Amino acid sequence: MSYTNSCIMFCESEIMSLSINNFSSNENNKYKNKKEIVKYNNNNNNLTHKQSFGGAADALTSVFKWCANNPVGGVVAIDIISTDIPRTYVDLKTAGPAAAVETIRREFSGTFVDCIMPGFIVLGAGKLLNPLFMKKFNTNMTSSWASEEALDKLSSVIKANKNNKTSNYVSNIMKSLSGLDTNKWVDFSSKIPKNKMDEIINQITSIIDNDKLSSKETKKAINEVYKKICNETNCSNAIKFKGDVKEYGSNLSDLLRDMVDLGRKFKNKKVSSNLDDFIKSSKKMLTAKSIIGLAITLPIAMSMQAINRYLTRKKYKVEGAPIYKDFEKGNSNHKKMDEKEKKKFFGEKILASIAMTGLAALSLQKKPSLKMLQFNGLFPSMDQCRIISLATFISRLFSSEDSNELREAFIRDAISFSAFYFMGDYVSKGTASLIEKYNKDVKLLNRFKTSSKNDNIFNKFKVWAKGTDLKSFDEIKGKKATNLRSVAQAAGVAFSLITLGIILPIYNRKITEKKVKQQKEMDANSK
């Protein structure tokens, strides 16, 4: 029996137990009590609905926080749920097992090669290159992910730190930082109470000076400091040094990682006495291992669909693309092309590849540079993912065996590219904007720029698209705001699931079936 019904029965029994002689005098009170019961019942039902929503939102928050704390698992889990499984199911139902198996190989290998594998290749390259670049300094930069910007910025702090004390190095960095909170830059030294700031500086200093800490222990200790700073400032994604016009190119978590990593190396006398040479060598090693990583990754990415098709052909002994219902029976829709048709088809592949490259360039939103190729973490940056994904998608276009497969590959991957690199983000930010509109006490977005009232719709959208970011979980306080932030992110995942996982493959297959039917009618009429 529910708690609500128990309360109703208890109240009603109390009413019925009133003396019959008092009925007349208490009649109005009885009806008043019944109205209160109904009101209580309705309120309790509303509470139950709120608790149900809260439970679902809590579950979403737990999932997305886990994804944030476990990047590899997060990428794989979201990709499997939003695209891999639904696309495989649709292809199984519309084209058959050969298409489904090829789809699952294509999608899983794409996630692994494009997002997970490159960083480990770069890590291996760093291990091989370290003796070449760092022998003079007697230090190991294999697992260092400091960017050129971090090397320049943190070495400049050391140069200004004449007594070479670790605490001064840490203090000078922490007291020169500010972070973006919603729409204003917050000065850390003003926002964080002095006793808390001293505690944070002492903790970071202790981590740097304690060389005996394992990498796991170091990471845990840094994370504790990171949480303290976030709790005090509500800032983590966007930070800036005093005197700098532009924000720092990485987030607070990466800065703390590099502060500790380079801070330990700066204590090495061979490094500190040859600091400029160390920075130059570190930059060269960073570029070299990144280029090697991409040089190995890109050919692998470009070969995956060819390998995928080879495995399909070997299993079924059938030529052509497994996108037709009759594939396992011999694929009667596959027609061999003459030389003229082959040249025309090759031209179509070139045009499709140019269009895909243009889409990638549009998504970059900045001029390509050598720094864009440099790895500043175990996982590729969004720009690096764009480059690797572009190579993967173009290779799929050139692996197409007829115009139907080429069209399917282009539509699928062009829309996938758009959804993954900006459309999904727009959906999440759009949802967050709506949530903020109806919940004035909730702030889910950081706004670097704001549009003018006189701007047209296009300019307002441009400012919103480029000048806003969804806050991280660490920047948001309160259960309500945290859960609503999860809802905003879930909207982006749902968009990918519906468009990329369901609508897109169904649409592609419907068009292919329509084209096949038209071709068969043309062939029948020509006889």
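Here is a check on your reading of the model: is Asn454 among the polar types (S, T, N, Q) and either modelled with pLDDT of 95 or more or not in a loop (DSSP other than H, G, I, E, B) (or both)? Quick ask: steps written out before the conclusion?
Details: among the polar types (S, T, N, Q): yes; either modelled with pLDDT of 95 or more or not in a loop (DSSP other than H, G, I, E, B) (or both): no.
It is false that Asn454 is among the polar types (S, T, N, Q) and either modelled with pLDDT of 95 or more or not in a loop (DSSP other than H, G, I, E, B) (or both).
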- [ ] Hey, could you check segment 447-468 for residues that are touching a residue at least 24 places away in the same chain (Cβ under 8 Å) and surrounded by fewer than 19 Cβ atoms within 10 Å (Cβ to Cβ) and say which is nearest to Tyr426 (Cα to Cα)?
- [x] Ala465
Task: Residue list for segment 158-184, filter: surrounded by 15 or more Cβ atoms within 10 Å (Cβ to Cβ), among the hydrophobic types (A, V, I, L, M, F, W, C) and farther than 16 Å from Lys228 by Cβ - done: Ile158, Leu180
Open item on the list: Which count do you get for residues in segment 317-336 that are under 11 Å from Ala99 (Cα atoms) and of a type in the set (Val, Ile, Thr)?
Closed with: 1
Open item on the list: Given the condition in contact with a Leu (Cβ under 8 Å, 6 or more places away or on another chain), modelled with pLDDT of 90 or more, in a helix (DSSP H, G or I) and crowded, with 18+ Cβ neighbours inside 10 Å, answer yes or no: does some residue in segment 328-346 qualify?
Closed with: no
Open item on the list: For segment 206-289, give me every one of the helices (runs of 4 or more DSSP H) that falls completely inside it and has 2 or more residues that are touching a residue at least 12 places away in the same chain (Cβ under 8 Å) and farther than 16 Å from Asn140 by Cβ.
Closed with: 215-233, 252-266
TODO: Residue by residue through segment 183-238, note down the ones that are of a type in the set (A, V, I, L, M) and under 30 Å from Ser451 (Cβ atoms).
DONE: Val186, Ala238
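Could you list, in sequence order, the residues of segment 371-393 that are free of Cβ contacts under 8 Å to residues at least 24 places away in the same chain and part of a loop (DSSP other than H, G, I, E, B)?
Ser381
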Open item on the list: Could you go through segment 468-475 and let me know if any residue there is touching a Lys or Arg at 6+ places or on another chain (Cβ under 8 Å), assigned to a helix (DSSP H, G or I), assigned by TED's automatic domain parsing to the domain that holds Lys343 and modelled with pLDDT of 90 or more.
Closed with: yes
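The values are calculated or read from the model by the stated rules, or taken from the named source; none is laboratory data. All of these numbers come straight from a predicted model, not from anything done at the bench. Neighbour counts are summed over all protein chains in view; Cβ atoms, including those assigned to glycine, are modelled from backbone coordinates with ideal geometry.
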